[in-house]
1. Return the distance in nm (one decimal) between the two label points of a simple spin-label model at D719 and S750, each offset 7 Å from Cα along Cα→Cβ.
2. Please order C513, C796, C412 by the number of other Cβ within 10 Å, starting at the fewest.
3. Packing-wise, with mean Cβ within 10 Å as the measure, how do 459-466, 93-100, 254-261, 738-745 rank, highest first?
4. Going by average Cβ density within 10 Å per residue, which order do the peptides 725-734, 632-641, 756-765, 119-128 take, highest to lowest?
5. Here are some pairs, K711/K1201; K711/K780; K759/K1136; K94/K137; which of them have Cα atoms lying more than 28 Å apart in this structure?
6. Multiply the residue gap between S355 and D635 by 0.36 nm, knock off their C-alpha separation, and tell me the result in nm, one decimal place.
7. By how many nm would the segment from S410 to A512 lengthen if fully extended, with 0.36 nm per residue of separation less the alpha-carbon distance?
8. Work out the FRET efficiency for D731 and Y1157 from their Cβ-Cβ distance, taking R0 = 25 Å, and round it to the nearest 0.05.
Amino acid sequence: MTTSTAGQATLAATSSWYNTSWAYRRKITFDNSAQAENLTNFPVLVKLDSTRINYSNTQDSGQDIRFTDSDGTTLLSYEIEKWDETGTSWVWVKVPQIDINSSTDYIYLYYGNTSATDGQTATSVWDSNYQLVQHLKETSGTTTSDSTSNSNNGTKVSATEPNPATSGQVDGAQDFDGNNDYLEKTNASFAQTPGAVSLWFKADTINTEGVDTYQKMTLMQYGDIYWGFQISSSTNKIQYHYYDGAIRDWYSNSTISTGQWYKLDVVSTVSGSEMFLNGASQGASSLTLFNNICGSTCNLDIGGKIAGYPSGDSFDGLIDEIRISNTRSAAWIAASYKSEADTFNTFASEEQVYSTTPGTLTSSIFDSEFSAGAAWGTLTYNATTPSNTSVSVKARTSNSSSMTGATAFSSCTAITSGADISSNSCVTDSHRYIQYQLSLANTDSVSTPTFQDISIAFSAYDTTPPSISLTALTPDPNSDSTPTLSGTATESIGTVSNVQFQMDSTSGSWTACTASDGSFNSASEAFSCTSATLTDGSHTMYVRATDSNGNTTSSSYASDSFTIDATTPVSIDLDSPGDNSYTNSERPTFKWKATTDATAGLSKYVLEVDNPSAGSGQASGDFTIDNIPTSGTTDITSNNKYVIHFDGFSDSDSTNNYISVYTRSTSDWGSSENDGKLREGRVSWKVKAVDNAGNETSSSRTLLVDRNSSKVELTQINDVPFSSTNFSTTDKTPTVFGKITDSLSGGDSSQTQDENGPKIASSPKQVDIKVEKKEGLTYKLHTLYTINMDKPWYTCDGKEVSDNSKQKCDKYLPFEYTLKDTLDLGTYKITLTGKDKADNSSSETSFTLNITTLSQIITPEEKKTIEEEMKELPKEEQEKVKEELEITKPVEPSALEKAGEKVAQTSKNILNTTGNFISSIFSGIGQGVKFAVDTTGKALAFVGDKTGQALAFVGQGIGSGANAVGQGLAFAGEKIGQGISNAGKAASNGAVAIGDGYNQLANNAPGVTKTILTGIGNGVSTTGNTIANVSNSIASTTSTVAQNTSRTVENIANTLAKTTGDIAQKTGSTIAQATQNTVNATKEGLANIAFSLGEKTQGVSDSLGYSIVQIGYLFVNEPTKISDVKVEALTPTSAKISWVTNRPANGKVNYGLDETYPLDIQSEKRITNHEFTLTNLKPDTQYYFEVMSHNKNYVYDANRKFKTPTK
């Protein structure tokens, strides 16, 4: 055994072994006893067969053979000429020196390494003393290779001229046919001075013709000089032939026989040349044949003639191993012949790297240094044991430092690495000292086990288990259903040998924890314990530890209690905006229904908004709102970036809890967050719910942001294409045709548009048609009609849009509208507006429609009068006035005139019957900034009949919420002047009939007027009056009428009394100036009171309620509109349809199986919330419907549909 390599023990190899990776070697001894010369760098031929090498121990191509000098370690250069495991192998080895007259010099041949690579270096074998070495072993091709580094390769006539032979002197040879075979090296340079040539040959025939002919073995030509070796047929001798203008020949002493191998060497010295045959000298010549073998360039031919050489026969036989080198000695030539004739080497028997005798190593005695002895633990060692090898380790203990009393190793049992030795028969806990013995063995002599290290764990002998510090699981609750707890176990005497845990109990089986450093073998061990999969809920992990002395925690376990929640929160129900819905809002409200988490409870919500790309190099625009509270009762507005609203959390019903978020503009947003706004295009928004264990669930939707308005176009009226904004027809229910187009917009324009974007169009949603009739110089609303759109079309291919979230190209819808109500003769303005599904409104498109007859044309007298009146107008206004005057015949009285006449008549009647001042209400006064006096002399800014007998005006100011009447003024007279005088007189008398007596004035008003005035006064009567009872809810919320009305009246009346000039004009101007602010504020409040009172009154009296509603309409200019159309409570045979109007109006539903709407249901009640139930419907059937309402004007909402469910 040897420990020469640090850190390991192995069997000792045979002495002077090159490398233990090689399993075998043979000694090769040389017989140079006959040579009186040291042979330096001598190429020895090593011929191998199965008697000289065990081929089964080598690689297939001999890659693992190596040669060393006699020291067994110095590598020698070699060339494998042929390797044949089934026969003979030929290897050339360069030996540094073979001693003079020695028969004991040797080298080693190593083999038996399966992982070795080829180590031969041919050019090192044939050093610079050689100019050419050709083994002539080639079996194919036309090239014969040079083994030196000079690349002096030969070229054959053809692949079979000469013919390759497998049986040369050394390996293969070339077989010349004596006719025209030769191989040649042209333009060669062999500059040795002096030099040597050698080759092996075997002649098949020798020419015996009568004339002297030659079988040429080698020829060289240099200009006109050539020389070579050949067999003379006349002498059967080797002839050296030289020609330099004269022929000079030289012959061997010995004759040549056919069928026999000969080695020919010719060397040149300074004084001459010498020839050798089979290592024996054939005599010398004074010819200095090799003073320069071949100048700068020459041609070398082997086996045949060269150009210019006298004719003669070529060589017939085998040639092998031709060389050209520096001059060689006779001893060198003789030794070469012996080596190449295989009489130079002797092979010793095969040696193996290792002995089969086991090696044993006994360690020193180790002191545990524990006075009370040690608790012995695990013995661990590292050993490599290849096949046919083994390692044995034994240990013994004692309380004696000299191991007195210890058990003999021969009686101890071997210990397996990793075994606890405390139970071994030779080891005793509480012993202080220990010793081990190592044995290595093999059974094949070529392998050795390797023993690297050994360690023995021990600790002080004790009975106290380790202490444990356990780190609590964090976070708690935790989402990991296989949680890992970590901690540290500390042993004060020995080492920690293991740590174990158990879940929710200490009575079952324990599971091993893992040491952080891979094994429990230190006094302090960090560890981790990973449980199996736990259910959601509360759990406790108990941990215990064992030390190297076998002490284990049996009570007071370390523990940690925690909650596991590996389940994500309940899925989120997003409320709005809807998936793939459209909006035009940059800051919509994102709303979702609050969700729950069963175990850990919710921690927060997160809103993520993914804006569409704005192009290369632009900020993403994406933004996130994190840490949204999971509940609340008060809106969170403290953050500048957004507002969080909570809905439904104040009650105990958790099913109606909603959270909504919208953003605000602020510099707090990051530069890439687009100020918290949505870009136009396809936006993805996601809400995540995160519980306290970190689990999250999410729900996402796509929102399509479209801020581009649609375009409404008028295409034709009836069957006439639209070309002018002024159109006349005799058709009193004309049909209007048009088209509404919603164009693509938004998105990254550098991207290719496809059905997913980037640009979007929400598609047309509706077209609103407003019909107004011209009355005087103004238009009065006649009808509002809404056409609801469905199933748009693509403009690019004319195909129907089957999925409106797709964005192939612009989207459009044609529409048509036939007026529902017969139009009277006159002039109408038709205004078209549209909306897309993102509620972007289009600009207005309008035209003038004249309903006329052929007989209704202007008279010549009228035309003349118009022309005279227009002369003073600018030319561009003349046509406009002419058009308005000519096509508005006949003209009905204006709304202003009608209202004035009604109020004047009412006032006059009351004057005739009561003699008191009254208050009436109408919508024109207070807005009369513009005054005009017609041909009768009456002021249109006032209310009066044609005779000017009655003038009535009321100006009221309503405070906040229409809860208090601020002022009141009323007067009437037979004539304008008289009326003003009376008004002034009344005011100066301290407002006898007004002021504190407001209720007396109200009680003397006509029925409907009285009802409204009574409803807003102080002290509404509750004595059984039906209307008062109905309006009680309103009356109870009003405030006392101000008592300083008279002062206001007096001030205005005094001003009127002092005014001179045109009574109508001056009075109107003064009243308008004084009452403008109060009247404007009053009208809306009075209207709302009338509407509310009228709706409630209809429950008692339809006609009375309707009259009150009509009074309310006198105070508003806004037309009646429809909104929030819904289909609810669908059953297989019924459906509830509802809508809302902004003002009280009647309602009607037209419906049927197609858009002709053959069926209807209606109500004449004037209400704002309309609801109709359609019955006797068919199951699983699609119905079409429209809704309409009427009060101040007609309004329609059409092109809607629903489908009944199946039974």
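1. 5.6
2. The order, fewest Cβ neighbours first, is C796, C412, C513.
3. Going by the mean number of other Cβ atoms within 10 Å, highest first, we get 738-745, 459-466, 93-100, 254-261.
4. 756-765, 119-128, 725-734, 632-641
5. With Cα atoms farther than 28 Å apart: K759/K1136.
6. 91.6 nm
7. Contour length minus Cα-Cα distance gives 33.0 nm.
8. Taking R0 as 25 Å, the efficiency between D731 and Y1157 is 0.75.
Where a number appears in this text, it was derived from the coordinates with a stated rule and is not lab data. Just so you know, these numbers come straight off a predicted model, no measurement behind them. Virtual Cβ from ideal backbone geometry, glycine too; neighbours counted across all protein chains shown.
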